[in-house]
Amino acid sequence: MNDVNAAAGIAYLSVAELTARYRDRSLSPREALAAVLERIDAFNGAVNAFRFVDRVGAMAAAEASEARWMNGAPLGPLDGVPASVKDIVPVKGWSTSYGSSVLAETGTAREDAPSVARLREAGAVLLGLTNTPEIGWKGVTDSLAHGITRNPWNLDRTPGGSSGGAAAACALGMGALHIGTDGGGSIRIPAAFTGLFGIKASFGRVPSYPASAFGTLAHIGPLTRCVEDAAVMLNTLSRPDARDWYSLPYDGRSYTEGLENGVTGLKVAFSPTLGYAAVDPEITALVRKAAEALAALGANIEEVDPGFDCPQEVFHKLWFPPAAYRCRHLTDAQRKQLDPGLQEIIEQSQAWDLTDFMQATQDRAALGTHMRKFHEEYDLLLTPTLPVTAFRAGDEVANDAHSRWTDWAAFTYPFNLTQQPAASIPCGFTADGLPAGLQIVGRMHDEATVLRAARAYETVHPLAMPEEPMNER
């Protein structure tokens, strides 16, 4: 274990630290990869973060990167940086399972998804595929095909989901950069439960292909151990790809520029409940303290709710039918092999018709308009990321008062409906040692201000990582 902990000194390096050491030749990409693989070998069995690790391909990529660094010709700031991909994002030559046995691809992918292609072009070392529930349908990470993924801060608890494998890997130094997806909170939920930074950029900022069954709710983005790493990663992921006809025009923006500009003068709304959510008092206290910290850094904080009703029913009508569509080709026997909860939402979706869908679409549009107007006055909105701390691994819900994961994710999915940029940054620990998250929501297309605020908070409250998985205390 001492050797593994020693490897953490390398495995936990940031992108800037890694590339600085590659440049001065005090560390090589192969040595960095070896440290990460050592962490995977030691701890993946405990947390079940990776479904697949491509050791041969990763070593070949690290060797190629090392040659570029030795020749003084790296491809950019991600060259040689270890990265993972969520197991619903295709990687050329790898088989995508979508967290399922019945929905898994029978062969290997013939092309990279845009986010994977951009990382590969930048010289990142692709490690493997991280675990997800079937088709990423829920806010925790377990599947009949690949088992339960666990939280490094407490192995009895969930890391959240659906990018829970990416989060568990990130927190334990199994790679610096992690591609997650977020259709209702699936980057921000595990970031909050595991003490990481994760950002869902504006819809279309990161090109996606093939198109998600969940349509314009679905985003792709970074999970990292610091804000700057996410900004550097977003610079790469946001590069254009013609395969995504929804993608925003590429503006060449660097999200590291202005990252240190702070929050002085920003007008920021703070809503502890969004006007409708029940929140654990410990989390409320931690998030309020985080808002006060941003005020001390110069932000003008006003406690105010954005003024919309809980949109859970709207989200369900736009989330459950696509899940049914994604599974439409399955036989009755195959359908019975799906996650029971996934079967339930597919069944529930059968009660809704086209009129219900169109009404939900109109309600979504109204919510989006409402938030556009709200952000005419406020630069940012602060909320808890989640109203609860990580609960028992393998469960979909936190307690008996909940029936679906959306009951405890009431702060995340509204901003998939509105398509705004939203991030989660850790804001402390509860008495039982579990992380809590602060959600920072920005106006549409303004990822830069979200990242600035997160970085400002991080400067006074740096992220902390577990050196190794922890048991119940």
> Can you spot a residue in the range 147-164 that is at pLDDT 95 or above, surrounded by 23 or more Cβ atoms within 10 Å (Cβ to Cβ) and part of a helix (DSSP H, G or I)?
Replying inline: yes
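So which residues in the range 418-451 are assigned to a helix (DSSP H, G or I), under 18 Å from the mean Cα position of the chain (by Cα) and either of a type outside the set (A, V, I, L, M) or crowded, with 24+ Cβ neighbours inside 10 Å (or both)?
Within the range 418-451, GLU447, VAL450, LEU451 meet the criteria.
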>> Being under 9 Å from LEU129 (Cα atoms) and either over 18 Å from the mean Cα position of the chain (by Cα) or not in a strand (DSSP E or B) (or both) is the filter here; which residues of the range 81-90 pass it?
In response: ASP87, ILE88, VAL89
> Among (1) in a loop (DSSP other than H, G, I, E, B); (2) touching a residue at least 24 places away in the same chain (Cβ under 8 Å); (3) out of contact with any strand residue (DSSP E or B) (no Cβ under 6 Å at 6 or more places or on another chain); (4) over 19 Å from PRO322 (Cβ atoms), which single condition is GLY252 missing?
Replying inline: (2)
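Inside the range 262-282, can you point out the residues that are surrounded by 15 or more Cβ atoms within 10 Å (Cβ to Cβ) and either within 16 Å of PRO207 (Cα to Cα) or touching a helix residue (DSSP H, G or I) at 6+ places or on another chain (Cβ under 9 Å) (or both)?
GLY262, VAL263, LEU266, VAL268, ALA269, PHE270, PRO272, THR273, LEU274, VAL279
Residue by residue, here is whether (1) at pLDDT below 95; (2) among the β-branched types (Val, Ile, Thr); (3) surrounded by 22 or more Cβ atoms within 10 Å (Cβ to Cβ) holds:
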site: ALA11; (1), (2), (3): no, no, yes
site: PRO74; (1), (2), (3): no, no, no
site: VAL81; (1), (2), (3): no, yes, yes
site: SER101; (1), (2), (3): no, no, no
site: GLY107; (1), (2), (3): no, no, no
site: PRO114; (1), (2), (3): no, no, yes
> Quick check: anything in the range 192-199 touching a strand residue (DSSP E or B) at 6+ places or on another chain (Cβ under 7 Å), polar (S, T, N, Q) and outside any helix (DSSP H, G or I)?
Replying inline: no
>> When you check LEU237 against the structure, is it surrounded by 17 or more Cβ atoms within 10 Å (Cβ to Cβ), more than 20 Å from ARG118 (Cα to Cα) and modelled with pLDDT of 95 or more, yes or no?
In response: no
> Residues that are of a type in the set (A, V, I, L, M), at pLDDT 95 or above and exposed (fewer than 15 other Cβ atoms within 10 Å of the Cβ): which helices (runs of 4 or more DSSP H) entirely in the range 322-408 hold 1 or more of them?
Replying inline: 332-335, 354-377
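The values are calculated or read from the model by the stated rules, or taken from the named source; none is laboratory data. This one's a predicted model, so the numbers in the text were calculated from it and none came from an experiment. Counting neighbours? That spans all protein chains shown, and the Cβs are built from the backbone with ideal geometry, glycine included.
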